[in-house]
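See below for the structure under consideration.
The values are calculated or read from the model by the stated rules, or taken from the named source; none is laboratory data. This is a predicted model, so every value here is computed, not measured. In this analysis, Cβ positions are derived from the backbone assuming ideal geometry, glycine residues included, and neighbour counts consider all displayed protein chains. Note: accessible area is taken over every heavy atom of the protein model, side chains too, but ligands, DNA and RNA are not part of it. Shrake-Rupley method; radii C 1.70, N 1.55, O 1.52, S 1.80 Å.
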Amino acid sequence: MIDLPEKFIKRMQERLGKDYPAFLASYREDPAKGLRINTLKLSKEEFFAIAPAEFKLQGPVTGDGVYTEGEKLGADPYHFAGLYYLQEPSAMKVGDLTLACRKERVLDLCAAPGGKTTLIAQQMGGKGILIANEIDYKRAKILSENVERMGIRNCAVLSASPETVAEKFPAYFDLVLVDAPCSGEGMFKKEENAIPEWSEENVAMCAARQRMILDRAAETVCAGGNLVYSTCTFSEEEDEGQVEAFLARHPDFTLKRQQKLYPHTFRGEGHFMALLERASDPLSYSRLKQFPVRRDREAERAFEAFCRDVFGKVPVGAVHTLADGRMYLVPADMPDLTGVSLVRLGVGLGEWDGKLFKPAHALAMAFGQEAKKKISLSREEAKGYLRGETFEWDTENGWVVVCVGKFPLGFGKAVGGTVKNHYPKALRLRS
Ligand code: SAM
């Protein structure tokens, strides 16, 4: 049984009263685990048909999520192919609040490692603009890798403070998510450090930080737009009290829905979530300059030739080519992002050095599923590819999308029956 902080116990007893024993008993159970099927890549039915028995899939959570008792699912080739995202089940419930919101311009302000960004991206189905921001640059890189793995095409990843984001995008988004840094009372079972780091002072510090983040987030919500606030903690100051104080400071917002999940009321580690709406009818957007796409016809021609050869068609959209030859497919209607630290822009396409086009890993993950030149490996064979091994395959010379089944893992380059491995070194399977 977990050794809970004494003051936390006292607060929870006061808060839950007769329900406290049931709450306490939940700490005797193993943490609930979930995975969310990536419907950008396959249907739920398709996933259930191919998921091996060791995934130990249980019943549904909500939306595209299911409970699982499988082990090491982060090291499975299907995970590398972005067929699912491992997500704590109660965190998935935030998707119930965002589902009905308008999502043409979405901001996830505290986004790493990307559980909710990738969930919302699925709900957006590739349409609209998704800005995923994470203040911590290292965490923003992990977020960016998850966006790439899941094959998301309409997202830019930023690493900026809430102040910078608010200044850059005043009244711009019709949905803003603040999944705030919190005292993590719902993480006591999952994260070793959550218990020693807990104190009443830390709860107060988190509440003050959330207040600041929420005020900045509010500035970015357009008239008639929504703000979703969530935490994985139970303290009043960070949850219901935070929302109440926000509403008092921002009379132009109203509370539409609020939900608190405890581990004894929902099979998960616990979450708090609130859906707020900014007044105004009709819904009006602020205007921002469009992303200034820099074109390089020669680079684009090389990219198009590559796509026709490997994919059989060319992805539609504006191709932005930097002076150093790196190329990106910019999502339609992307605003100008000058002045903010940009970690990912749409889909990285590759590099053009004036002679050769070298494809980016992101290109395989976002568009490879429809490729003409593919190699289909078994799950076992795929592990070798993910470790960086070259392999023999009877295929014509040139670039090829390497897949597990029909799902892309990355690129390879065939020469005389040997496929050279182009899986990024930093992402390789290490076991
Ligand atoms: N939404 C994420 C997900 O679903 O995977 C989890 C977000 S986590 C609860 C909160 C994030 O807020 C952390 O990544 C943390 O680095 C970031 N953060 C910490 N301090 C912050 C601040 N002052 N302003 C904005 N974000 C902050």
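The table below lists the values:
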{"read-out": "Residue-normalised accessible area of segment 98-211, given per residue in Å² at a 1.4 Å probe", "value": "38 Å²"}
{"read-out": "Cross-link reach list, lysines versus residue 10, counting only Cα pairs under 29 Å and skipping chain neighbours closer than eight places", "value": "18, 33, 93, 189, 190, 260"}
{"read-out": "Extension gain, residue 323 back to residue 372 (0.36 nm per residue minus Cα-Cα distance, nm)", "value": "14.6 nm"}
{"read-out": "Two-decimal Rg to Rh for segment 355-425 - Kirkwood Rh, Cα set", "value": "0.92"}
{"read-out": "The chain, accessible surface, carbon-and-sulfur percent (1.4 angstrom probe)", "value": "50 percent"}
{"read-out": "Helix axis angle, 240-249 relative to the chain longest principal axis, alpha carbon, degrees", "value": "90 degrees"}
{"read-out": "Highest average packing first - 175-182, 118-125, Cβ atoms within 10 Å", "value": "175-182, 118-125"}
{"read-out": "Hydrodynamic radius of segment 137-257 per Kirkwood, over alpha carbon pairs, in Å", "value": "15.8 Å"}
{"read-out": "Helix axis angle, 6-16 relative to the chain longest principal axis, alpha carbon, degrees", "value": "80 degrees"}
{"read-out": "In degrees, nearest ten, helix 115-124 long axis to first principal axis of the chain (Cα)", "value": "70 degrees"}
{"read-out": "Cα-based Rg / Dmax (Å) for segment 348-389", "value": "12.7, 38"}
{"read-out": "Kirkwood estimate for segment 280-431, i.e. one over the average of 1/r between Cα atoms, Å", "value": "16.9 Å"}
{"read-out": "Fully extended contour minus Cα-Cα distance, from residue 393 to residue 27, at 0.36 nm per residue", "value": "126.7 nm"}
{"read-out": "Theoretical ellipticity at 222 nm over the chain - DSSP helices of four or more residues, -39500 (n - 2.57) apiece, nearest 500", "value": "-8500 deg cm²/dmol"}
{"read-out": "Loop-located GluC sites (Glu not before Pro) in segment 370-431, at most 10 other Cβ atoms within 10 Å (DSSP)", "value": "396"}
{"read-out": "Viscosity 1.567 mPa s, 4 °C: Kirkwood-radius Stokes-Einstein D of segment 209-306 over Cα pairs, µm²/s", "value": "79 µm²/s"}
{"read-out": "Per DSSP, loop trypsin sites (Lys or Arg not before Pro) in segment 72-102 with at most 12 further Cβ within 10 Å", "value": "72"}
{"read-out": "Whole-number D in µm²/s for the chain (Stokes-Einstein; Kirkwood sum over Cα pairs; 10 °C, 1.306 mPa s)", "value": "69 µm²/s"}
{"read-out": "Sparsely packed trypsin sites (Lys or Arg not before Pro) within segment 327-422, loop by DSSP, other Cβ within 10 Å at most 12", "value": "355"}
